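Nothing in this text is a laboratory measurement; each read-out follows from the coordinates by a stated rule. Treat the numbers as computed from the prediction; the structure is a model and nothing was measured. Ideal geometry is used to build each Cβ from the backbone, glycine not excepted, and the neighbour counts take in all protein chains shown.
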Amino acid sequence: MIDILVAGGGYVGLSLAVALKKAAPHLLVELVDPAPAGAWQRDERASALVAAARNLLAVLGVWDKIEPEAEPIRRMVITDSRAGDPVRPVFLTFEGAGTTEEGQPFAHMVPNRAVTGSLLEAAGSLGIPVHWQTSVVDFTSGPHLNEVKLSNGETRQAKLLVACDGVRSKLRDIAGIKTVRFDYGQSGIVTTVEHERPHEGTAEEHFLPAGPFATLPMRGNRSSLVWTERTEDANRLIESDDLVFEEELERRFGHKLGTLRVVGGRKAFPLGLTLARAFVAPRLALAGDAAHGIHPISGQGLNLGFKDVAALAETIVEADRLGLDIGSLSVLERYETWRRFDTFRMGVTTDVLNRLFSNDVTPVRVVRDLGLGIVDRLPGLKSFFIRQAEGLAGRNQPRMLVGEAI
């Protein structure tokens, strides 16, 4: 019998397992993932880690290993234009405002491999078993334990099962948890480019009629791209030859950083909104994309997952210290209450922003550009938005998000 079985070996599952074992070493925690061992090393993507996520990783003892590969975001620029416009007026900048109250950048761009690799190393040092090419086939929740069937033919008895198995979560479906789901008809093209001139830590988001085109600074003269297009156009671009792809890329990226060269693989991911109607069931908790999948327009998807980790780990560890049943619904409902409103708010915000900016209706463009201009002229409002983006707004934050151990 074990205490907690985590299904999913991505950054959410790994950081949760490490957080639990670090705060409560006596807990028996295991992790399963259907991917082959080492598959994470082929992940060429990068993600924006905000201050709250950085605090959590520091508490877990892995940020020092990640930081050498991280690029601080020092400046943000937001424009609203068409792809063919010769000039892109800047409506909103966060210049010099992208720092926390502690003087740190509000976010860093980090290769996904660096995050996963550091968390795997921490899991190994804590003695957490990680079973690759293994998934949960089925589970039955009893009054005291889950009976869990694994794809390798083994079974586990666990007080709590945590689903970190992605936006199409099989465990969520087995538990009968319904979702609110909407397909945007868009796909996000992700790749990495190398450019002639330095980016100087500037992140840019160009709102184009098909969706946002974000350039995010990485170490060296490189940038990570999140390029939103209508799904049929995204598929055409992915399948096109290098010359066509780079020509379309250059039309959107511009020439300010000189000659461009695609240096990473290019992939397209369908975009939609998925919100679980419940985050918990008896002896089951959802975390990360299993609980919520949002549009990348705000760059907050990964950071929402880290917030789930901080809240769920604190809920479990405190319940264990009080001698409570960590898998009971009464315990898990504290986690659900803690996370549902923030997740719902972020889902609605990204949905509204995507609908507002992913169109070319002139009256709508006038109104949204006026709104961006007003925010740009109000330092207090800018600071409010930065604090929200850092993930540190609000009073009742899980301790790890503010840099405190559980």
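Choose one answer from M109, M218, M76: the residue with the largest mean-square fluctuation in a GNM of the chain with alpha-carbon springs under 10 Å.
Largest GNM mean-square fluctuation: M76.
Taking the Cβ of G10 as the center, what net charge do the other residues with Cβ under 11 Å away carry, scoring Lys and Arg +1 and Asp and Glu -1?
-4
Hey, what's the Kirkwood Rh for the chain if you take every pair of different alpha carbons, in angstrom?
That comes to 22.0 Å for the chain.
Computed FRET efficiency, Cβ-Cβ of R395 and V348, R0 35 Å: what is it to the nearest 0.05?
Working from the Cβ atoms, E equals 0.95.
Taking the square root of 5 times each eigenvalue of the Cα gyration tensor, what semi-axes in Å does the equivalent ellipsoid of segment 146-264 have, largest first?
40, 18, 14
Between the helical axis of 301-321 and the dominant principal axis of the chain, each derived from Cα atoms, what acute angle in degrees is found, rounded to the nearest 10?
20 degrees
Under the rule that an exposed site lies in a DSSP loop and has at most 12 other Cβ atoms within 10 Å, name the longest stretch of the chain with no GluC sites (Glu not before Pro) of that kind, not counting the sites themselves.
Between the exposed loop sites, the longest stretch runs 201-403.
Below 8 Å, C-alpha to C-alpha, sequence gap of six or more: please give me the relative contact order for segment 218-359 in percent.
It comes to 21 percent, rounded to a whole number.
What is the angle, in °, between the Cα long axis of helix 362-376 and the longest principal axis of the Cα atoms in the chain? Nearest 10 is fine, range 0 to 90.
That helix lies at roughly 70 degrees to the long axis.
With a sphere of radius 13 Å drawn around the Cβ of S125, what net charge do the other residues whose Cβ falls strictly inside it have (Lys, Arg +1; Asp, Glu -1)?
+2
Listed here are the pairs K21/K65; K22/K307; K22/K178; K159/K267; K65/K307; which of them are more than 27 Å apart at the Cα?
Long pairs (Cα-Cα over 27 Å): K22/K178; K159/K267.
So for the chain, taking the charge dipole from beta-carbon charges (+1 Lys/Arg, -1 Asp/Glu), which of L322, L14, G258 sits furthest toward the positive end?
Value: L322.
Can you sort S330, S47, S141, S223 from fewest to most other Cβ atoms within 10 Å of each residue's own Cβ?
S330, S141, S47, S223
Please state the charge dipole magnitude for the chain, taken about the Cα centre, from unit charges on C-beta atoms (+1 on K and R, -1 on D and E), reported in debye and rounded to the nearest 20.
So the magnitude is around 680 debye.
Give, in nm to one decimal, the length gained when the segment between L126 and H26 is fully stretched (0.36 nm per residue of separation minus the Cα-Cα distance).
Extending this stretch completely gives an extra 34.9 nm.
In degrees between 0 and 90, to the nearest 10, how far off the longest principal axis of the chain does helix 11-23 point, with axes built from Cα atoms?
Between the helix axis and the principal axis of the chain, the angle is about 50 degrees.
Between V137 and R219, what is the spin-label point distance in nm, taking each point 7 Å from the Cα along the Cα→C-beta axis?
Taking the simple label geometry, V137 and R219 are separated by 4.2 nm.
Roughly what would the spin-label model give for E333 and D64, points 7 Å off Cα along C-beta, in nm?
4.3 nm
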